[in-house]
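**Student:** Pasting in a structure now, in structure tokens, and then I'll have a few things to ask.
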Number of protein chains: 4
Amino acid sequence: MRALIYQGPGRKAFREAPDPEITDDGDVIVRVDAVTICGTDLHILKGDVPVAPGRILGHEAVGTVDEVGEGVRRLRPGDRVLVSSISGCGTCRFCRDGRYGQCLGGGWILGHTIDGTQADYVRVPFADTSTYRVPDGFSDEEILMLADLLPTGYEVGVLAGGVRPGDVVAVVGAGPIGLSAITSAQLYSPSHIVAIDNSDARLEAAKQFGADVAIRQDPLAVIKDLTGGLGADVALSIPGEAGGGPACFELAVRLARPGGRIATVGVHGEAATLHLEEQWTRDITITTGLVDTSSIPTLMRLIMTGQIDAKRFITHHFGLDEFDEAYDVFARAASGALKVVLSRSKE
Amino acid sequence: MRALIYQGPGRKAFREAPDPEITDDGDVIVRVDAVTICGTDLHILKGDVPVAPGRILGHEAVGTVDEVGEGVRRLRPGDRVLVSSISGCGTCRFCRDGRYGQCLGGGWILGHTIDGTQADYVRVPFADTSTYRVPDGFSDEEILMLADLLPTGYEVGVLAGGVRPGDVVAVVGAGPIGLSAITSAQLYSPSHIVAIDNSDARLEAAKQFGADVAIRQDPLAVIKDLTGGLGADVALSIPGEAGGGPACFELAVRLARPGGRIATVGVHGEAATLHLEEQWTRDITITTGLVDTSSIPTLMRLIMTGQIDAKRFITHHFGLDEFDEAYDVFARAASGALKVVLSRSKE
Amino acid sequence: MRALIYQGPGRKAFREAPDPEITDDGDVIVRVDAVTICGTDLHILKGDVPVAPGRILGHEAVGTVDEVGEGVRRLRPGDRVLVSSISGCGTCRFCRDGRYGQCLGGGWILGHTIDGTQADYVRVPFADTSTYRVPDGFSDEEILMLADLLPTGYEVGVLAGGVRPGDVVAVVGAGPIGLSAITSAQLYSPSHIVAIDNSDARLEAAKQFGADVAIRQDPLAVIKDLTGGLGADVALSIPGEAGGGPACFELAVRLARPGGRIATVGVHGEAATLHLEEQWTRDITITTGLVDTSSIPTLMRLIMTGQIDAKRFITHHFGLDEFDEAYDVFARAASGALKVVLSRSKE
Amino acid sequence: MRALIYQGPGRKAFREAPDPEITDDGDVIVRVDAVTICGTDLHILKGDVPVAPGRILGHEAVGTVDEVGEGVRRLRPGDRVLVSSISGCGTCRFCRDGRYGQCLGGGWILGHTIDGTQADYVRVPFADTSTYRVPDGFSDEEILMLADLLPTGYEVGVLAGGVRPGDVVAVVGAGPIGLSAITSAQLYSPSHIVAIDNSDARLEAAKQFGADVAIRQDPLAVIKDLTGGLGADVALSIPGEAGGGPACFELAVRLARPGGRIATVGVHGEAATLHLEEQWTRDITITTGLVDTSSIPTLMRLIMTGQIDAKRFITHHFGLDEFDEAYDVFARAASGALKVVLSRSKE
């Protein structure tokens, strides 16, 4: 089969690779029908996230079940499924707590510690608890946004940040995950969503996705003005693939009100300074987190009712043989790309 | 009257000062019957916490109501009351949320931005919502531990840290507030409380107060051994008056398991490094906080039933005219002092 | 002044009454500019809720502060205020917990145990914690909906019921409070809101207010169809002034899924049967509750941003001297009245 | 093998039955080493809980894994395991939410809808998520209390009831499950536990298990006296095998304070009256629930540290061939039996 293979920092190749095989009776083999590229893949290529050379990248897919291990209960060949970015064994203490991202035998392994989804076929471990049937009437592309992007903004940003009706939410970083958080924050009806970024294109996108304020400069003054001088109820630090994690985090902390919550979302590749000498009295809560994708059923329901528009994240379409072009477009900020999708049907 | 007056970094004086007067009809004047010294007072004297010279220090007292403003509903002259370290107006958004520590017109003001309790008399603003009637049958001294010490360990440590039955709790820093946290953590029946400090005397005290493990070295190895390699469910960073905030915090973060909670308690006077590059995937929660003293009624009930022994914190007794000696003893680590109490009855 | 006076079951009179006076220094006297009639007032007139004859009815008002007790901090004569239906002392254990409805010295007292708002002037006790400044730019009428109607649906229905994104919410009873719950449930983005009533006019209103399903019959079949046979995530029992409390509650319990929540909202005047022999294994949660109006600041913010349209509840406008007509219209189902407002400006 | 077989209301027989076989590759066959009888088994025999004649009873066991299905990951023959009363598939929406008791393919099935544990061998479905390894150094008997008894009191009583430090907890019904709730309530340090029963032997047991008040009469007066007239923070309705569910529930509701919580625990075989006309304003929360046994790991840890003494529940010991005697003793109130254990080692 064809696959996108990581070859060490800065290098990748799209080429032939052996077909995956079932190695555990909880596995399924999925034929990939649609796949996307994540900002994390770019971090891997930059060397920020260590991955062994030779690994097939990719941790998001919609596809068709091709082969099923004997222990799999809920899937049959031919089923159309979403492959979650997170593989959960379903039995460890973290899985039993709903924290699939921390699964002791799984977690984020696809395209990281085992071969991933940017290929014609992928082996998916713990298939019963790591895939979701795709309802009829929905396109591969929109459901694909549930593999990682939408749950990450929702779980790690909005839920961890505890957004509530009437809140003022600051979103520092308006890349794709920032836009995902802006999208799902609206499920809780904040009074204001303030997007902060240094790219005009991203700020424009933030407005289209639902931020009512989108600014480059003086975020503290703007937020204070909206909150009677107090600060944001919730501040999200989402550096995205553009990097700048420490500055992003430190700004988010400054923007939060006393009693506020700061949620860090996505890759933060460097240590940051936490000004405890300023914050020790301020009752703040800071969270970090890997997505669990436990919210996929909820978000899928909201896509079905039209309350979330997943398609709007998709700016570029490619065939499954166009990985080089797709990576190139996704990596170039100037392309305006949010999410690129590579589909079998586009070939 | 006599009062202990801050005179700038490193300097204080116990001398005559004018009697306080009611300035707002929600005020009461309390005659101080028992007062203590807090680690925060030492931080003020070191210059870590800015206070205007001339200020009477002290934010904890048990006393007798001497005079009552016209707007006060719940108190009469002669009432024996606990004066909370936190003054809550009762009407601002934070007070209505139970976050008295963040009160927009009050908070920690006694001995900080207004004159405090280390004197014969003290003016207590917002008296209806900032004092508590002392039940009969309890000594001034034990109730005095509710003004700040016990609620701080409980609210900012145990409640913010979300201690649950069966948890492994790491307490980094076993000064008085650390011992307070060890005391109240037991209300939630953790399976293990591990105290970490570099003073043998404090480690010995930690054991007496309920830690089942008390160590100087290799805390990570010890905690991992207790938790199947995962880390503590809850880690408390309590540098106390001994300082060392950044190291204390950074150790607490390292000790926490994935999905764990780190609560910072008490004065953290310097910025710390937060290793987001290690923690971004680990689902941790970090909290900071000033005490609200909202737990005083609960803790008072548990003192009444004997489930909390407040007296054990008190190692030294002085008269109200012995501030110099009391400060001296409290500040000297070698004294073994936990809490010193200065009482009118000891004069 | 003029006032609407309860004279025993079935009888009321609009006539002269003495002006109210300040009796406690936390009181204010408010000149009533706009007032409404609540379903609870009809329950009083029916004799369902005991009230002493001679009482001035009414527990909702927007008005102008006329006189201020000496202990009042936050208000001055001339301030335009919303008078909450709930008077909270701000200092008792329930008020300190945010449960103003259970206030030991207050709670729902206006138009119940003390004279109320259906008059030219009203004495408002505990004014600092029982009134809210009205922001500029908003009409008396829309803000008036915050005195009771909107917080009741939100707090006692939506918050107690724990509505979450993607939920299926059943609202049994689509009178004004039911419509209030339908309005505020949308703040949490449920996937479906199913209104159940036996009045076509109310079902039509429910659809206009945001229910996507509005039915008279077979609610269990409809709900099961929407939920894969499980039942509603949240079921609200809101009999309203139309009565039928037991049947309403028992239906709500039947509609809830295992693990679901049933919130009872508003007056339930009779005992109901709880089928524990069916429910003991089903992990349900049932709540009752009086409104606290603690959500007024949040809901006010959402009216200001346009996320809640309070005006749509108001179907009829009267002058402050037209109580007889207003009561008549409000009590007649055929009138299609949701909320009637009596305003000084309409005189 | 030998097995205890239900033969219709009032009838059971201990006799030969075919050995169980693996029918799904997630099954294990467990050789039963210790088993107990639950009050629910008596309810089945009374006809309160419908079970098909011919069914082997029993839903609690400690045993040794004898045979393992091919899909089982975590168990091997020879492993010593606790068999939970609840079988959770681990993949349905309820299992993913930790509500194993509501599992769509499992739940309480052992000794109910499939053959149970009162036999030499038992087939355990979904074994990876329905059994727990028994740590060395603990007796079969004490671990057996974790199959149902201890988690039921803890999860359905103490956790659903939200017991907090300082609370006053009323336990209506002091049978074995009531004693379990009394035991685990102490993990949260309530100020008072008041046991109410009409058997002196049970009241005496309640005191020994940790209730500080144990009464037959005037519970409302006693509770009000302890709570300043308000009522219990938490009231548990635990009719147990003695029945009387409606009276038990209705008393629990009366005992709860405004804002209090009432948790129903165990079989409630009849409908009860809920006095909504009294309770609609009182902010109460009522819960029902089947145990999930999700707390087994926590409770096991607390048995290991000695914080829970599981052995004290066991009053009578039998061999595995003495079911008739064991049932007889357990059913006779006069026997003073709490839990009877039948062990292979006693044969």
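The values are calculated or read from the model by the stated rules, or taken from the named source; none is laboratory data. Just so it is clear, the model here is predicted, and its values are computed rather than measured. Reconstructed Cβ throughout: ideal geometry from the backbone, glycine too, with neighbour counts over all protein chains shown. Only protein heavy atoms, including side chains, enter the accessible area calculation; ligands, DNA and RNA are left aside. Shrake-Rupley method; radii C 1.70, N 1.55, O 1.52, S 1.80 Å.
**Student:** Could you state how much accessible area is buried at the B-D interface, both sides summed, with a 1.4 Å probe, in Å² to the nearest 100?
**Tutor:** On the way: alone 14620 and 14640 Å², together 28100 Å².
Summing both sides, the interface buries roughly 1200 Å².
**Student:** With a Cα-only, solvent-free Debye model of segment D:1-131, what are the log10 I(q)/I(0) values at q = 0.11, 0.12, 0.14, 0.23 Å⁻¹?
**Tutor:** -0.35, -0.42, -0.57, -1.36
**Student:** Now, a different point. So what's the angle, to the nearest 10 degrees on a 0 to 90 scale, between helix C:200-209 and the longest Cα principal axis of chain C?
**Tutor:** With rounding to tens, the tilt is 80 degrees.
**Student:** Within segment D:10-50, what residues put their amide N at less than 15 Å from the label point 7 Å along the Cα-to-Cβ vector of D:Asp328?
**Tutor:** D:12-14, by backbone N distance to the label point.
**Student:** How far is C:Thr23 from the same spot in each other copy, in nm, shortest first, if each label point sits 7 Å from Cα toward Cβ?
**Tutor:** Ordered by increasing distance: 3.5, 7.3, 8.1 nm.
**Student:** Tell me the distances, shortest first, between B:Gly162 and the same position across the other copies, using label points 7 Å along Cα→Cβ, in nm to one decimal.
**Tutor:** Those label-point separations list as 1.0, 1.5, 1.7 nm.
**Student:** Over chain B, how many pairs of lysines fall under 30 Å by alpha carbon, counting only those 8 or more apart in sequence or from different chains?
**Tutor:** Value for chain B: 13.
**Student:** Also, quick follow-up: Express the C-alpha Rg of segment D:271-347 as a ratio against the empirical globular expectation 2.2 N^0.38 Å, rounded to two decimals.
**Tutor:** 1.69
**Student:** Restricting everything to alpha-carbon atoms, can you work out Rg to Rh for chain B with a Kirkwood hydrodynamic radius?
**Tutor:** 0.97
**Student:** Between the DSSP loop rule and a limit of at most 14 other Cβ atoms within 10 Å, which GluC sites (Glu not before Pro) in segment A:1-62 are left?
**Tutor:** For GluC sites (Glu not before Pro) across segment A:1-62 that sit outside H, G, I, E and B with at most 14 neighbouring Cβ atoms in 10 Å, the list reads A:Glu21.
**Student:** For the rotation taking chain C to chain A, which residue of C has the Cβ nearest the axis, and how many Å away is it?
**Tutor:** Closest Cβ to the C-to-A rotation axis, residue and whole-Å distance: C:Tyr188, 3.
**Student:** Based on DSSP, what percent of beta bridges with both residues in chain B are antiparallel, to the nearest 5?
**Tutor:** Counting only bridges with both partners in chain B, antiparallel ones make up about 55 percent.
**Student:** Next question, about the same structure. For chain B, modelled as a Gaussian network with Cα springs under 10 Å, which listed residue fluctuates most, B:Ala333, B:Ala170, B:Ala61?
**Tutor:** B:Ala333
**Student:** Something else about it: Multiplying the sequence separation of D:Glu16 and D:Lys311 by 0.36 nm and subtracting their Cα-Cα distance, what value in nm do you get?
**Tutor:** 103.1 nm
**Student:** Can you give the percent of C-alpha pairs in the protein assembly as shown whose distance is more than 56 Å?
**Tutor:** That tail contains 22 percent of the Cα-Cα pairs.
**Student:** For a test of the definition: using alpha carbon positions, the gyration tensor, and the 1.5 limit on a/c, classify segment D:255-294 as rounded, prolate or oblate.
**Tutor:** Verdict is oblate for segment D:255-294.
**Student:** Pop out the carbon and sulfur fraction of the accessible area of segment B:150-287 as a percent, whole number, probe 1.4 Å.
**Tutor:** Working: 1860 of 3980 Å².
Its accessible area is 47 percent carbon and sulfur atoms.
**Student:** Sorted from largest down, what three extents in whole angstroms do the Cα atoms of segment B:3-53 have along their principal axes?
**Tutor:** Principal axes ranked by extent give 34, 22, 21 Å for the Cα atoms.
**Student:** Right, something else. Using Cα atoms only, what is the angle between the long axis of helix B:176-185 and the major principal axis of chain B, expressed in degrees (0 to 90) to the nearest 10?
**Tutor:** Taking Cα atoms only, the helix is inclined about 70 degrees.
**Student:** Read phi for every residue in segment A:130-141 and hand back ³J(HN,Hα) as whole Hz from Karplus 6.51 cos²θ - 1.76 cosθ + 1.60, θ = phi - 60°, with x for Gly and Pro.
**Tutor:** 10, 10, 9, 5, 8, x, 4, x, 10, 6, 3, 5
**Student:** One decimal, nm, shortest first: give the distances between the label point of C:Glu347 and those of the same position in the other copies, each label point 7 Å from Cα along Cα→Cβ.
**Tutor:** Listed shortest first, these distances are 6.2, 8.1, 9.3 nm.
**Student:** Over segment D:191-268, what is the relative contact order in whole percent, taking alpha-carbon pairs under 8 Å and six or more residues apart?
**Tutor:** Working: 116 pairs, mean separation 19.8, N = 78.
That works out to 25 percent.
**Student:** Right, another one. Determine, from the Cβ-Cβ distance of C:Met1 and B:Lys224 and an R0 of 60 Å, the FRET efficiency 1/(1 + (r/R0)^6), rounded to the nearest 0.05.
**Tutor:** According to the calculation, E is roughly 0.20.
**Student:** Looking only at the protein assembly as shown, where both bridge partners belong to it, what percent of the DSSP beta bridges are antiparallel (to the nearest 5)?
**Tutor:** DSSP beta bridges in the protein assembly as shown are roughly 55 percent antiparallel.
**Student:** Further question on the same structure: Classify segment B:225-339: rounded, prolate or oblate, from the alpha-carbon gyration tensor (a ≥ b ≥ c, eigenvalue square roots; a/c under 1.5 rounded; otherwise prolate if a/b is larger than b/c)?
**Tutor:** Judged from the Cα gyration tensor, segment B:225-339 comes out prolate (a/c at least 1.5, a/b above b/c).
**Student:** May I pose another question? Trypsin sites (Lys or Arg not before Pro), restricted to segment D:1-100: which are DSSP loop and have at most 15 other Cβ atoms within 10 Å?
**Tutor:** Here the trypsin sites (Lys or Arg not before Pro) that fit, given the DSSP loop and packing criteria, are D:Arg11.
**Student:** Working from the alpha-carbon coordinates of segment D:121-196, get Rg over Rh, Rh being the Kirkwood radius. Don't skip to the end; give the middle numbers.
**Tutor:** Values: Rg = 14.9 Å, Rh = 13.9 Å.
Value, to two decimals: 1.07.
**Student:** Given a Förster distance of 25 Å, report the FRET efficiency between C:Thr273 and C:Lys46 from their Cβ-Cβ distance, rounded to the nearest 0.05. Don't skip to the end; give the middle numbers.
**Tutor:** Working: r = 23 Å, r/R0 = 0.91.
So the FRET efficiency works out to roughly 0.65.
**Student:** Okay, next question. Over the residues of segment C:150-287, compute the C-alpha Rg and express it relative to 2.2 N^0.38 Å.
**Tutor:** Compactness ratio reported: 0.91.
**Student:** What does the structure give for C:264-276 when I average, per residue, the other chain Cβ atoms found within 10 Å of the residue Cβ?
**Tutor:** Average neighbour count from other chains, rounded to a whole number: 6.
**Student:** Quick check: from the Cα gyration tensor, does segment A:53-93 come out rounded (a/c under 1.5), prolate or oblate? Let's see the in-between values first.
**Tutor:** On the way: a/c = 1.80, a/b = 1.15, b/c = 1.57.
Oblate.
**Student:** So which trypsin sites (Lys or Arg not before Pro) in segment D:240-337 end up in coil per DSSP with only 14 or fewer other C-beta atoms within 10 Å?
**Tutor:** D:Arg332
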